[in-house]
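What follows is one structure encoded as structure tokens, with my remarks underneath.
The values are calculated or read from the model by the stated rules, or taken from the named source; none is laboratory data. All of these numbers come straight from a predicted model, not from anything done at the bench. Reconstructed Cβ throughout: ideal geometry from the backbone, glycine too, with neighbour counts over all protein chains shown. Side chains are part of the model used for accessible areas, which takes the heavy atoms of the whole protein and leaves out ligands, DNA and RNA. Shrake-Rupley method; radii C 1.70, N 1.55, O 1.52, S 1.80 Å.
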Number of protein chains: 2
Amino acid sequence: MRFKNGLILALDVTDREKAMDVVEKTAPWVDAVKINYPLVLSVGSNIINDISEVSSVICDFKVADIPNTNRLIVEEAVRRGADGVIVHGFVGSDSVQACVDAADKKDVFMVTEMSHPGGREYTAEVGGELAKRASEFGVRGIIAPATRPERISALKELLGELQILSPGVGAQGGSAVDAIKAGADAVIVGRSIYQAEDPGNAAKEIRPLK
Amino acid sequence: MRFKNGLILALDVTDREKAMDVVEKTAPWVDAVKINYPLVLSVGSNIINDISEVSSVICDFKVADIPNTNRLIVEEAVRRGADGVIVHGFVGSDSVQACVDAADKKDVFMVTEMSHPGGREYTAEVGGELAKRASEFGVRGIIAPATRPERISALKELLGELQILSPGVGAQGGSAVDAIKAGADAVIVGRSIYQAEDPGNAAKEIRPLK
């Protein structure tokens with residue numbers, strides 16, 4: 001997946017009907033749908049297959065286990081139709097490498113640090129080094145918060161060809177246009193779209209640099 | 001869950017029939033069955049419900065997301081019958097706390113550091129501090145490798161009432177008896193049981209201090 005001014009829908013719902021309704025209504029305006037474990041655990045992992053028939057799918061599983069378990073998780077996500085998987089970098093290079101190998105021609109995006117308050121306790125300290133090592137790990141890109149455009153700019157310089165996907169747009173206060181201008185390749189938007197009365201129109205409106 | 005000389009089966013298989021067969025054959029000898037995402041993604045999350053009808057279940061999901069997502073994951077695991085959930089500490093105190101709150105009267109066990117080679121790159125540096133903070137986080141216990149009994153002893157002193165669950169017994173070289181003597185409250189055993197011709201007998205034989 002190579003995004004450019006992209007829009008990724010964070011489908012943080014746990015109801016199958018609602019999920020598929022939003023996916024279908026927003027499909028013309030989003031480049032990929034990002035799903036997480038709460039949805040998969042609630043409605044079953046075949047939701048990956050179902051969404052993949054309508055849109056590109058990124059499984060935001062924050063994969064963070066030993067290499068062999070990581071491999072099995074990524075293989076299963078890809079087998080069900082995922083185009084990308086989000087994994088944690090802090091578990092170490094062998095664990096990330098196992099994901100990249102298992103993804104085959106699909107893409108792995110790495111979390112280098114997390115922006116919630118607790119993310120500052122431990123992940124912030126290693127985030128810089130993980131970002132520097134991202135190319136070495138073979139990932140397609142990293143995740144970096146849209147709420148801090150200056151951080152995106154700094155990372156973009158460091159990462160070169162690697163992609164930056166930025167959550168935090170909309171309800172969390174970040175601006176899609178600012179994130180893209182700072183160097184993000186795609187913004188990740190959730191509530192502002194799936195909670196809207198007209199999710200299709202909301203996606204169209206929020207789409208960066210449309 | 002309060003283990004004493006306990007045996008936890010690490011059910012690292014991805015086939016439903018095999019999974020349920022091993023669970024049923026080993027039920028008299030194991031105190032809990034630990035399952036992971038590869039099984040859940042392969043066969044569906046109702047495997048949690050199914051196993052919970054035969055045995056106590058620990059969902060080893062290495063939960064590592066922001067507080068709200070962590071909450072949803074743990075709630076869903078518990079709703080399906082899990083008695084315990086394994087979460088990562090490195091994502092920070094608020095993320096762990098969200099798991100503890102969501103688990104209600106069920107138990108959260110925290111990964112403080114990981115023993116695979118890549119685990120030394122980043123998790124080893126924060127493992128000590130996370131173990132020290134475990135009581136503050138409200139978790140039931142932590143995970144510590146049976147391959148290093150001297151480490152278990154040191155952690156046991158630090159942790160007081162908290163429990164230590166130790167993987168790495170059997171195929172990975174650790175001894176169940178040594179881990180328990182060092183202070184582990186339960187050992188976690190996988191391949192030596194589920195790959196055995198007679199899993200029930202293997203569980204009976206490996207059960208520590210039987």
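Things worth noting here:
- For the range B:7-206: relative contact order, % (alpha-carbon pairs under 8 angstrom, 6 or more apart): 19 percent
- Placed amide H near B:LYS62: partners under 5 Å, 5+ positions off or other chain: B:ILE86
- Rounded percent of accessible protein surface that carbon and sulfur make up, the protein assembly as shown, 1.4 Å probe: 45 percent
- Proximal aspartates and glutamates relative to A:LYS181, as straight alpha-carbon distance under 20 Å, when same-chain residues fewer than 8 apart are discounted: A:ASP31, A:GLU150, A:GLU157, A:GLU161, A:GLU205
- Long-range amide H partners of A:GLU113 with built H, under 5 Å: none
- Inter-copy label distances at A:SER135, shortest first and taken from points set 7 Å along Cα to Cβ: 4.8 nm.
- Charged-residue dipole, Cβ positions (Lys, Arg, Asp, Glu), chain A about Cα centre, Debye nearest 20: 400 debye
- Test item: A:45-52 mean partner chain Cβ contacts at 10 Å: 1
- Table column - 3J(HN,Hα) (Hz), the range A:86-91, Karplus curve with 6.51, -1.76, 1.60, x for Gly and Pro: 9, 10, 8, x, 5, 6
- Segment B:GLU125-B:GLU53, length gained on full extension (0.36 nm per residue, minus Cα span): 22.0 nm
- Accessible area of the protein assembly as shown divided out per residue, in Å², using a probe of 1.4 angstrom: 39 Å²
- Loop-located GluC sites (Glu not before Pro) in the range A:114-210 (DSSP state not H, G, I, E or B) with no more than 16 neighbouring Cβ atoms inside 10 Å: A:GLU161, A:GLU197.
- Label geometry 7 Å along the beta-carbon vector: B:GLU197 inter-copy distances in nm: 7.1
- Loss of accessible area when B meets A, both sides summed, Å² nearest 100, probe 1.4 Å: 3200 Å²
- Teacher prompt: A:GLY160 distances to equivalent labels in other copies, 7 Å Cα→Cβ, nm: 5.2
- Under 5 Å, built H, 5+ apart or other chain: amide partners of A:ASP107: A:GLY84, A:VAL85
- Spin-label pair B:LYS4-B:GLN172: with each label point 7 Å from Cα along the Cα-Cβ axis, the two points sit 2.6 nm from one another.
- For the listed residue pairs A:LYS105/A:LYS204; A:LYS34/B:LYS34; A:LYS34/A:LYS156; B:LYS62/B:LYS106; A:LYS25/A:LYS156; A:LYS4/A:LYS156, the alpha carbons are over 25 angstrom apart in A:LYS105/A:LYS204; A:LYS34/B:LYS34; A:LYS25/A:LYS156.
- Taking N as its residue count, the alpha carbon Rg of the protein assembly as shown over 2.2 N^0.38 Å: 0.96
- Chain B: Rg to Rh, with Rh as the Kirkwood radius over Cα pairs: 0.94
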